Amino acid sequence: MPMLIKDSQIIEDSSLVIASGFEGQLSDKAAIVPLTYWLENKELLKNRTDIGVWIDSHEAPEDLIEDLPGLPIIAINFPKFADGRGYSYARLLRERFNYQGEIRAIGDVLKDQLFYMKRCGFNAFSIRDDRDIHSALESLNDFTISYQAGCDNPQPLFQQRAKSTLAS
């Protein structure tokens, strides 16, 4: 069974990611379907608690706003590691749309990106098969201090320091 990093732990991935262009019927197994498939079939799928949706980098997370409360997983595809739109999508989902479920990075996900993805709101990472998942897990702790605000800490460092100075 494939493995993934979720909430800073390596776990088995029980969800099948359905390929783009899929037009058949889903089995009764947990799945993450493409956004286009979801939009075409959501009336049939919305009562299933084991169905997530994946968004490609050219699609809009806004298309899921009304469906967010019922979706356990939203995966964001990185077709190549240099495509940064997924970072913005994760921040929109967490900060503007207040999505509380799992946001998973899929596709060309490399360990050098994980720390920054986590700061943007991702809490699950499907690492490429040709990469070491244990090394990728360690990369979540590459840095101990972040200067900028992020989904994982909404206060920038200067505000944190000002608070600690005032408290002294």
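Computed from the coordinates by the stated procedures, all read-outs in this text should not be read as laboratory data. None of the values given here were measured: they were computed from a predicted structure. Backbone-built Cβ (ideal geometry, glycine too); neighbour counts: all protein chains shown.
A few points about this structure:
- Cross-link pairs LYS6/LYS42; LYS6/LYS111; LYS29/LYS80 - those with Cα-Cα distance over 19 Å: LYS6/LYS42; LYS29/LYS80
- Its residues counted as N, the range 1-137 yields a C-alpha radius of gyration over 2.2 N^0.38 Å of 0.98.
- Taking a straight line from the alpha carbon of LYS46, these aspartates and glutamates sit under 15 Å away, with near neighbours fewer than eight places off in the same chain left out: ASP28, ASP63, GLU66, ASP67.
- Counting only DSSP H runs of at least 4 residues, each contributing -39500 (n - 2.57), and dividing by the residue count of the chain, the helix-based mean residue ellipticity at 222 nm comes to -7500 deg cm²/dmol.
- Beta bridges by DSSP in the chain, antiparallel share as percent, to the nearest 5: 25 percent
- Under the convention that each Lys and Arg Cβ holds +1 and each Asp and Glu Cβ holds -1, the size of the dipole of the chain around its Cα centre is about 720 debye.
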